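Rule-based calculations on the coordinates, nothing more; no lab input. Worth saying up front: this structure is predicted, and the values here are computed from it rather than measured. Neighbour counts are summed over all protein chains in view; Cβ atoms, including those assigned to glycine, are modelled from backbone coordinates with ideal geometry.
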Amino acid sequence: MNDEQLLRYSRHILLDEIGIEGQSKLLAARVLIVGAGGLGSPVALYLGSAGVGHITIADHDRVDATNLQRQIAHNLSRIGKFKAESVAESIAAINPDVEVIAVTRRAEGALLEQLVQEADVVLDCTDNFSTRHAINRACVKYRKPLVSGAAIRFDGQVAVYDIRRSDSPCYACVFPESDHLEEALCATMGVFAPMVGIIGSTQAAEALKLICGIDGSLTGRLLMLEGKRMEWSEMKLAPHAGCAVCGGRTAIAS
């Protein structure tokens, strides 16, 4: 790190759990963020400001006026612009040293697999189950830790699925595709603006901890927030023996 970086990241470097070694890991890390909306905005801004050196953000959607109530990486002047490009501009305004790649195509199929394969940590900031399951399958295939978040109305949840650990479930162990869960969309259900900020910030924190090797991640735990009463609850998670994606970790462990 040069003198300017030592000054910029000094508050991280002062932390025993991070220090110069941890900050160097952040600068060298490659992170994939899928979704540049309510969750992706705080995730991208915090990872960029924290000095994650290489950030790829994938989102095929464009900024709309209704997004500005909660998607803090965008502004009025960027309505109509690709969200991924808008987020890249916001990161550059905070920390121009970060290399940001904006992918303005839908992250699916071969493209999604390529993006996941190149990343050290993947953050799912999407809002639909089909995409979440596709991201999970790619993370299982390439053994990449996945930080997953969701928020709707006054409720939010976040978990880490780290396929490198034999005791960690994958996303499909907890939310099987066969369950056909009903989609709850912000456009029809609404979302309390700070909720995506709280959950997205938690996702960013978990990603930074994974990169730096800080103990105590949310792996094997689902953290849930009921925002009206501001009450957190936690559910312990375990691999599911009949999981169609990871096989309850048996195949991975062998």
Restricting region 192-249 to trypsin sites (Lys or Arg not before Pro) in coil, as DSSP defines it, with at most 10 other Cβ within 10 Å:
228, 229
Taking loop as defined by DSSP and a crowding limit of 16 other beta carbons within 10 Å, which GluC sites (Glu not before Pro) in region 33-130 fit?
108
What residue among 149, 216, 37 has the largest mean-square fluctuation in a Gaussian network model of the chain, using Cα springs under 10 Å?
216
For residue 103, list long-range residues whose amide hydrogen, built 1.01 Å from N in the peptide plane, is under 5 Å from its own amide hydrogen.
57, 58, 59
Over the chain, what relative contact order in percent results from Cα pairs under 8 Å that are six or more residues apart?
19
As a percent rounded to 5, the proportion of antiparallel DSSP bridges among beta bridges in the chain is 50
If you only keep lysine pairs separated by 8 or more in sequence, or across chains, how many in the chain come under 27 Å at the Cα atoms?
11
At most 12 other Cβ within 10 Å, DSSP loop - trypsin sites (Lys or Arg not before Pro), region 106-151:
143
Over 36 Å apart: what share of the alpha carbon pairs of the chain falls there, rounded to a whole percent?
8
